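Okay, so here's the structure we're looking at.
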Amino acid sequence: MHIGGPLGGLVPVSKISELNITFESFQENGFLLGHASVVCIPQSFPLVNYLHHLFEFTAHESCGKCFPCRLGSTRGKELFDKAIHTDYKIDKTLLNDLLETMEIGSLCALGGGLPLPIKNALMYFEEELKEFIR
Ligand code: SF4
């Protein structure tokens, strides 16, 4: 489930029972309550496509003022494009570096917020993503 808006956390169903609907509870568990919207991602929908969509959304919405967001979102979208459409596998260290650069270096919550759901996915859905990320 994607809770808290486009830059909220990706919460596996198994973690739902551990959360209270408070900002603190979500933060303590490594998620973000945000505006508390809930988007359910069907099991049949490839998560890798969802992550690609998050980078694409950020690249589209980026105002371009700072390069970690402007370039990082586009580079991330390109990485996932390549992994989805070819046999290329994304280097996890490279992806983590990209996420850290965006998180630390972005001037606002758009570029700075994107890393959270991607990191959640890497942590909780490693098995599904291993075909695309090494
Ligand atoms: S992080 Fe914010 S300020 Fe920086 S490019 Fe993205 S939208 Fe603009």
Subject >> Order of Leu47, Leu129 under a 10 Å beta carbon neighbour criterion, fewest first >> reply: Leu47, Leu129
Subject >> In Hz, Karplus ³J(HN,Hα) per residue of the stretch 24-34 (6.51, -1.76, 1.60; θ = phi - 60°; x = Gly, Pro) >> reply: 5, 4, 5, 5, 4, 9, x, 10, 9, 6, x
Subject >> Those lysines that a straight Cα-Cα span of less than 18 Å connects to Lys119, excepting residues fewer than 8 apart in one chain >> reply: Lys15, Lys77, Lys89, Lys92, Lys130
Original post:
About its Cα centre, what dipole magnitude does the chain give when the only charges are +1 on Lys and Arg Cβ and -1 on Asp and Glu Cβ, stated in debye to the nearest 20?
Top reply: 260
Original post:
Any idea how far apart Glu56 and Ala36 come out in nm if each label point goes 7 Å out from Cα toward Cβ?
Top reply: 3.1
Original post:
Any idea what % of Cα-Cα pairs in the chain are farther than 18 Å?
Top reply: 52
Subject >> Within a Gaussian network of the chain (alpha carbon springs, distance under 10 Å), most fluctuating of Leu54, Leu116, Leu94 >> reply: Leu94
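Could you list Met123, Met1, Met102 so that the one with the fewest beta carbons within 10 Å of its beta carbon is first and the one with the most is last? The partial results should precede the final answer.
Details: Met123 11, Met1 16, Met102 27.
Fewest-to-most Cβ neighbours within 10 Å comes out as Met123, Met1, Met102.
Which trypsin sites (Lys or Arg not before Pro) in the stretch 48-127 pass both tests, a DSSP loop state and at most 16 other beta-carbon atoms within 10 Å? Don't skip to the answer; put the middle values down first.
Values: sites: Lys65, Arg70, Arg75, Lys77, Lys82, Lys89, Lys92, Lys119; in loops: Lys65, Lys89.
Those that pass, being in a loop and sparsely packed, are Lys65, Lys89.
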**OP:** Would you mind classifying the stretch 1-71 by shape? Square roots of the alpha carbon gyration tensor eigenvalues, ordered a ≥ b ≥ c; an a/c under 1.5 is rounded, otherwise it is prolate if a/b is larger than b/c and oblate if not.
**Re:** oblate
**OP:** State the extension gain, in nm to one decimal, for the chain segment bounded by Asp81 and Lys130, taking 0.36 nm per residue of separation less the distance between their alpha-carbons.
**Re:** 16.1 nm
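Each value in this text was obtained by applying a stated rule to the coordinates, not by laboratory testing. A quick note: this is a predicted structure, and the numbers were derived from the prediction, not measured. Don't worry about glycine lacking a Cβ; one is built from the backbone with ideal geometry, like all the others, and counts go over all protein chains shown.
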